[in-house]
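Working notes, structure below.
No value in this document is a laboratory result; all are computed from the given coordinates. Just so it is clear, the structure is predicted and the values come from calculations on it, not from any experiment. Neighbour counts run over all protein chains shown; Cβ positions are idealised from the backbone, glycine included.
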Amino acid sequence: MTAIRSTLDPAGEDFRAASSSMSDKLVEIRTEFDKALAGGGEKYVARHRERGKMTARERIEMLIDEDSAFLELCPLAAYGSDFQVGASAVTGIGVVEGVECMIVANDPTVKGGTSNPWTLRKILRCNDIALQNRLPMISLVESGGADLPTQKEVFVPGGRMFRDLTRLSAAGIPTIALVFGNSTAGGAYVPGMSDHVVMIENASKVFLGGPPLVKMATGEDSDDESLGGAQMHARQSGLADYFAADEQDAVRLGRRIVSRLNWRKQGPGPVAEVLEPRYDAEELLGIVPSDLKIPFNPRDVIARVVDDSDFDEFKPDYGSSLCTGWARIHGYPVGILANAQGVLFSQESQKATQFIQLANRSNTPLLFLHNTTGYMVGKEYEQNGIIKHGSMMINAVSNSTVPHISVLMGASYGAGHYGMCGRAYDPRFLFAWPSAKSAVMGAAQLAGVISIVSRAATEARGGTVDESADAAMKQMIEAQIEAESVPAFLSGMLYDDGVIDPRDTRTILGLCLSAIDSGPVEGTSNFGVFRM
Ligand code: COA
C-alpha cells in the first residue's frame, strides 16, 4: 500500500488563511486574464465583427474538436509592459480531428494583430514547444506584421519565426497556415514557409508589400486583390493550396488537412488506467502559506495530483528536504522531485542526481515541484562541497533527456531555480501557481545584501552611512524586487507558460503529458563529468 496519507487539516486555521490568500491572488490573475480575453477592447472587437469576421478565440473554438480542452499558453504575455496583456496573439494546444496541435492565432483586434517584442517571444516559445513535443503547428494568420514603433526589437530576432516553421517541416512536423486576413511583409512568409495553406475569398491578403509600398518602390499601380488576394494565389501564384469561401470554410478545410496527415504519436502512451486522487483537488488552495518562509509538505500536493494518491517515495530518510518518488498522472508514469523544506543541501543534491539518472534509465518523465530558497550557504556547507554537489544536480538536470515539467508552487530562488529545472533548463512546460515567487533571492535578503555592500563601500571611502537614506533605499529595492518576483510579472516576461489555478494542476499536467507523448520519450546515460 503506497497511497500517501495527507496530514493537511482542511478545517484548521492555517488552511483557511492560506486558502483565502490563494483565492485573493486568483482573483488578481483572473482580472489580468480578462484583459487578454477582451482583446483590443469593445471598439475594435465590434469593428472586427462588423467586417463579418470571427475573433481569434472563436476561430480556435471552431477549429478544435467539440468539447475538447484547449490548453492556453502564455495568456499573460506582455503583462507589465506598454502592450495589451496577451501580446496580440492567442496560443495553445488543442485537439483537431483527434490530433494534438499547437495553435498560434494572431488577434487582429489588437493593433491589427501586429507582432511586438512580447508577441514574438510568445510565438517563438510556441514554436519551441511544437518542435520539442512533435506537435503539428496551425497558424491562424491575420497580422499587420511587425509593430513598427518597436521594430528594432522585432525585426532582427523575428527572422526566427520563419526559420522555425521550415525547421518544424524538416523535422517531419506538419505546418498549416489558415490565412484569415492581412498577412503582409514578413507575415507573408508564414504561409510561404508552411506545408499547407488555406486562403479565403475576398479576405486573405498576402503580399510582400501593399499597394502604397509598391507605388513607392516601383511606381506601379495595383490593388489588394491582384497583389495578394486568395483568388490570385489559388490560381496564379500557387501560394494557396486550398481556396475557402469564408472563415467557416477555411476552418473546415484546416480540419480536413489534419485528418489527412495520418498522424501517429510516437510516445509509449499511458501505462495504467486513470484513477482519481483520494483527496479533493479543492484543498490544493489551502496548502501554500501566504508567507513563503513557512514550509509546507509537498506530499499534501502530490496526494491531490497523482493517480490514486499513489506515490513510492525514493530515499525518504536521506536528504529529506527534497522529496523524490514515482507516481502516475492520468496513467502516465512520472518521477517527482518536490522541495520539502526550502533549502537544498549536499545530500538533497546527490539524491536528486541519482533520481534523475534513474528516471533516464527507465524513460520516465520528471515533474519538478518548486518551493526552494536555493542551495545552502555558509562555511560548513562550502567546506563540505555544496557547490560541487549543487553542480552535480544541475549537470543531471541539464543533460537529462526525458521530458521535464516544472510547477512553481512557492519560492523558486537562486540556483535552486536552476537545479529544479527553471526556465533556462528547457522544461517542456513550466507553470506557476499564483503563490509562486521567483528571483535571484528573496526581496528582503536582496535589499539587505545591497545595503551591506554599499555601507562597506561608504566606510571604505572614509564616509559615514546615512541611516535614513539606507533604510529608504532598502525599502525601495525591496518593493521593486517584490513586484518583479510575482507570477503575473514573470508570466508577462514569458518566463513561464502560464499562471494556473492550483486546482487545475492535475488536468493541466495530464494534457501536457499527453502532448509530450506525441514524440518519443527517451532517457540518456550521457551526462557531463560529475565531480565526486
Ligand atoms: N505597427 C504598429 N501599429 C500598427 C501597425 C503596425 N505595423 N499596423 C496597424 N497598426 C495600428 C494602427 O495604427 C491602429 O492603431 P490605433 O487604432 O491605435 O490608431 C491599429 O493598429 C489598427 O489599425 P487599422 O489600420 O485601423 O486596422 P485595420 O484592421 O483596418 O487594418 C492592417 C489592419 C494591419 C491591415 C493595417 O493597419 C496595415 O496595413 N498596417 C500596416 C501593415 C504593414 O505594412 N506592416 C509592415 C510590417 S513589416
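Structure above, values below:
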read-out	value
Dipole magnitude of the chain about its Cα centre (Cβ charges: Lys, Arg +1; Asp, Glu -1), debye to nearest 20	1280
Calculated FRET efficiency for the pair A424/A479, C-beta based, R₀ 22 Å, to 0.05	0.25
The stretch 441-486, relative contact order [Cα under 8 Å, separation at least 6], %	58
Length released on extending from A444 to K293, taking residue separation times 0.36 nm less the Cα-Cα span	53.2 nm
Simple spin-label estimate for Q231 and V377 in nanometres, 7 Å along Cα-Cβ	7.0
Whole-number D in µm² s⁻¹ for the stretch 441-486, Kirkwood Cα-pair radius fed into Stokes-Einstein, 25 °C, 0.890 mPa s	225
Kirkwood-type radius of the chain, with distances r between different C-alpha atoms, in Å	24.9
Residue exposure sequence - R57, R163 - by fewest surrounding Cβ within 10 Å	R163, R57
Ascending count of other beta-carbon atoms within 10 Å, so fewest first, for D291, D195, D128, D147	D291, D128, D195, D147
Cut-off under 5 Å, modelled amide H: who pairs with G229 long-range	V206
Extended-chain gain in nm, criterion 0.36 nm per residue less alpha-carbon gap, Q248 and D14	79.1 nm
Per-residue HN-Hα couplings for the stretch 21-27 [Karplus 6.51, -1.76, 1.60; θ = phi - 60°; Hz; x = Gly/Pro]	5, 5, 5, 4, 5, 5, 5
The stretch 25-259: relative contact order as a whole-number percent, Cα under 8 Å and 6+ apart	15
Debye, to nearest 20: dipole size of the stretch 25-259, +1 on Lys, Arg Cβ, -1 on Asp, Glu Cβ	560
P(r) weight above 21 Å for the stretch 78-143, C-alpha pairs, percent	24
Antiparallel %, DSSP beta bridges [both residues in the chain], to 5	40
On Cα atoms only, tilt of 467-485 relative to the major axis of the chain in degrees	50
Sorted by Cβ neighbour density within 10 Å, fewest at the top, the residues Y242, Y44	Y44, Y242
Length-normalised contact order for the chain - Cα pairs under 8 Å, 6+ apart - percent	14
Alpha carbon convex hull of the stretch 366-457, projected area averaged over orientations, nm²	6.9
30 Å Cα-Cα reach of K122 towards lysines, excluding residues that sit fewer than 8 places from it in its own chain	K25, K35, K43, K53, K111, K152, K205, K265, K437
The stretch 425-435 - phi-based ³J(HN,Hα) in whole Hz, Karplus 6.51/-1.76/1.60, Gly and Pro as x	9, 6, x, 4, 9, 9, 10, 10, 7, x, 7
Residues D280 and A456, FRET efficiency given R0 of 56 Å [Cβ-Cβ distance, rounded to 0.05]	0.60
Long-range Cα-Cα pairs in the stretch 25-259 (distance over 26 Å), rounded percent	33
Percent of Cα pairs exceeding the 25 Å cut-off, where the set is the stretch 287-435	19
Calculated FRET value between A171 and L208, using beta carbons and R₀ = 25 Å, to 0.05	0.40
Overall Cα dimensions of the stretch 383-532, principal axis frame, Å, largest first	63, 40, 21
Potential lengthening between N384 and F155 on full extension [0.36 nm per residue; Cα-Cα distance subtracted]	77.5 nm
Spin-label model distance (nm) - R361 vs D312, 7 Å beyond Cα toward Cβ	1.2
